[in-house]
1. How do A:42-52, B:42-52, B:193-203 rank on mean C-beta neighbours within 10 Å, highest first?
2. Cα centroid distance between the stretch B:154-192 and the stretch B:1-74, in Å?
3. How far is helix A:16-27 tilted off the main Cα axis of chain A, in degrees rounded to 10, range 0 to 90?
4. What percent antiparallel are the DSSP beta bridges of the stretch B:1-129, to the nearest 5?
5. Assuming R0 = 51 Å, can you tell me the calculated FRET efficiency for the pair residue B:75 and residue B:105, based on Cβ-Cβ distance, to the nearest 0.05?
6. In nm, to one decimal, how far is the modelled label at residue B:151 from the one at residue A:19, with both set 7 Å along Cα→Cβ?
7. Percent relative contact order of the stretch A:2-72, based on C-alpha pairs within less than 8 angstrom and at least six residues apart?
8. Roughly what % antiparallel, to the nearest 5, for the DSSP beta bridges in the protein assembly as shown?
C-alpha cells in the first residue's frame with residue numbers, strides 16, 4: 001500500500017524556514033501570505049500500514065518537536 | 001583511562017577528538033559497525049555529519065550498531081560525551097533530553113564562543129570553576145537547543161543545564177542560552193561547541209576545551225566523587 005507521511009514543526013516552535021519563506025514572498029510580489037511553515041514529505045510503499053505510526057515515532061519524525069500525519073493513498077502500487 | 005571515539009560515515013571531528021583525548025589519557029577510534037567498545041572507560045560521540053545528516057541530524061546514526069553498545073554502556077553508568085553532531089545523536093537516542101533544531105538565523109555559523117560553567121560538580125566540568133568562562137569554537141547549522149518549558153524547568157532544578165552561552169554569545173537561538181546539558185544520572189553530557197578544537201593555545205587560541213576531557217579523566221579515576 002502506498003502511504004504518505006507529512007511531517008511539520010510543532011505549533012509554537014520557531015520555524016525559521018517558514019519565516020524565511022514568508023518574508024521572501026512579498027519581495028516577489030505575492031502579498032497576503034501568512035503563517036508559512038515548511039515541513040517534510042515521506043512517501044513509501046508498506047505491506048503493513050499499522051507499522052506506519054511506530055515508524056514515525058521512532059525514525060521518520062521526532063515527536064518532541066514535530067507532528068506527523070499519515071495518509072493512505074488510493075490506487076496503491 | 002581510555003577514551004573510545006566513535007567514527008561514523010560522515011564524522012569529521014573524530015581525529016581532533018582523538019588528539020584531545022590523548023592529551024589526558026589513552027584513546028582509540030571505534031568504527032560505527034563495531035559492537036565492541038574495547039574496554040574503554042568513556043565514549044566520545046564526535047562532530048560531523050553522520051550518515052549525511054539525512055532525515056534529521058543524528059536520526060540515522062542513533063540506530064547504528066555501535067550506538068546499541070553505547071546505550072547499554074550509558075545505562076550501566078559509563079561516561080558518554082557528545083559533541084555537536086554527537087550531541088544531536090545522543091538527543092535522538094533519548095540519552096539526553098530535548099532536541100537540536102536549525103539555527104534561528106538559518107545559517108551555518110562558525111565562531112569562537114564564550115561558555116559559562118553553570119555546574120562545576122559534574123563528571124564533565126569538575127576541572128572547571130563555577131562561573132568560569134570557557135572559550136571554545138562552535139560550527140553548526142542545527143544547534144538551537146529546544147525542550148518544552150516543563151522539561152527545561154525540571155532540568156534547571158536538577159542542575160542538568162551545565163554550560164550556557166555567555167551574554168551576547170547565543171548565536172543559534174537556543175532556549176535559556178543552553179550550550180550543554182547532562183542526563184539525570186549525570187553520566188551523559190552533550191554540547192554543541194567543540195572542546196576538542198580548543199586544546200592548544202597555538203591552534204585554538206584557548207585550552208578551555210581540554211578541561212572537559214580532564215574532568216572526565218578525574219571522574220573516571222575517582223578524583224571527583
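Read-outs throughout are calculated quantities, based only on the coordinates presented, and are distinct from any laboratory measurement. Small disclaimer: the values here were computed from a predicted structure and weren't measured. Here the Cβ positions follow ideal geometry from the backbone for every residue, glycine too, while neighbour counts run over all protein chains shown.
1. On the way: A:42-52: 11.8, B:42-52: 24.5, B:193-203: 21.1.
By packing density, highest mean first, the sequence is B:42-52, B:193-203, A:42-52.
2. 21
3. Compared with the principal axis, the helix lies near 50 degrees.
4. Working: 1 of 14 bridges.
Of all bridge pairs located within the stretch B:1-129, approximately 5 percent are antiparallel.
5. Numbers: r = 37 Å, r/R0 = 0.72.
So the FRET efficiency works out to roughly 0.90.
6. Label-label distance for residue B:151 and residue A:19, simple model: 2.0 nm.
7. Details: 87 pairs, mean separation 37.5, N = 71.
Once normalised by length, the contact order is 53 percent.
8. Working: 35 of 52 bridges.
Here the antiparallel bridges make up roughly 65 percent for the protein assembly as shown.
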